[in-house]
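Everything below concerns the one structure shown next.
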Amino acid sequence: MTEFREQRRAPRIRIGGRLGGRAHATVDVRFLDLSLTGARIEHLSLLRPGAVCTVELPPAMGSLVLPARIVHSTIVGSEQAPEGSRHLRYESGLAFETLTAEQKTVLGAALEKLIPGGGLGEGQLAV
């Protein structure tokens, strides 16, 4: 019989029972609207209502990272990927949670930039 050689860099330990945890993934989003209390976003990956996440604003808006909770998420259409497959397109509402005074100040300043004539052009809004 052939001897099996472990190919992992470190051995794995089998876990009995049900040890839970969380995995966080990065999802690219497009902001549809933004306020001091939340945002509406569009994205191609499922976000479950009730889940917590962080939202990162682009550098032109202060590179702000805000804690949020997904309030609702709805399929609004689909989109064809370059390789030919189709992906569902979602729209989700987020509520910002436990913002610090500094985060509120920076967010307020970022919102001022979004007002027509506030100083941000279309090309500066990418993350």
When the helices in the chain are scored as -39500 (n - 2.57) per DSSP H run of 4 or longer and the sum is shared across all residues, what 222 nm value do you end up with, to the nearest 500 deg cm²/dmol? -3500 deg cm²/dmol
Name the long-range amide H neighbours of LEU64: under 5 Å, sequence gap of 5 or more, or other chain; modelled H, no Pro or chain starts. LEU57
Histogram of C-alpha separations across the stretch 36-94, 10 Å bin width, %: 22, 44, 29, 6
Averaged over all directions, how much area does the convex hull of the C-alpha atoms of the chain cover when projected, in nm²? 13.8 nm²
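Every read-out reported here was derived from the displayed coordinates using simple, explicitly stated rules and does not represent laboratory data. All figures in this text were calculated on a predicted structure; none of them were measured in a lab.
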